[in-house]
Amino acid sequence: MDLTVLINQLFRETRGLGVLQKPDKIFLENTNLMYALVADKIEIGNVRETFV
């Protein structure tokens with residue numbers, strides 16, 4: 001595991017200039033980072049989606 005990775009980016013499968021567009025979803029690598037960054041506004045659905 002690469003220790004420098006903090007986020008995972010999810011892209012649709014595209015060709016051409018579509019590759020340069022923003023990612024469809026951005027996930028933190030570890031759910032504990034959510035609690036370290038914003039402890040009082042965490043939605044449990046986001047935690048579950050990031051975990052899976």
Distant-in-sequence amide H partners of L28 (H built 1.01 Å from N, under 5 Å): N8
Simple Cβ-charge dipole of the chain, Lys/Arg +1 and Asp/Glu -1, about Cα centre, in debye nearest 20: 200
Ordered by residue, what ³J(HN,Hα) values in Hz, to whole numbers, does the range 34-42 give under the Karplus form 6.51 cos²θ - 1.76 cosθ + 1.60, where θ = phi - 60° and Gly and Pro are x? 4, 5, 6, 8, 9, 6, 9, 10, 8
Label-to-label distance, nm, for residues given as V52 and E29 (7 Å Cα→Cβ offset): 2.4
Given 0.36 nm per residue, what is the gain on full extension from K22 to L37 after removing their alpha carbon distance, in nm? 3.1 nm
Quarter of the Cα convex hull surface for the chain, i.e. its orientation-mean projected area (nm²): 4.7
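Coordinate-derived values only; no laboratory data. Small disclaimer: the values here were computed from a predicted structure and weren't measured. Positions of Cβ are generated from backbone atoms using ideal geometry, with glycine treated the same way; all protein chains shown enter the neighbour counts.
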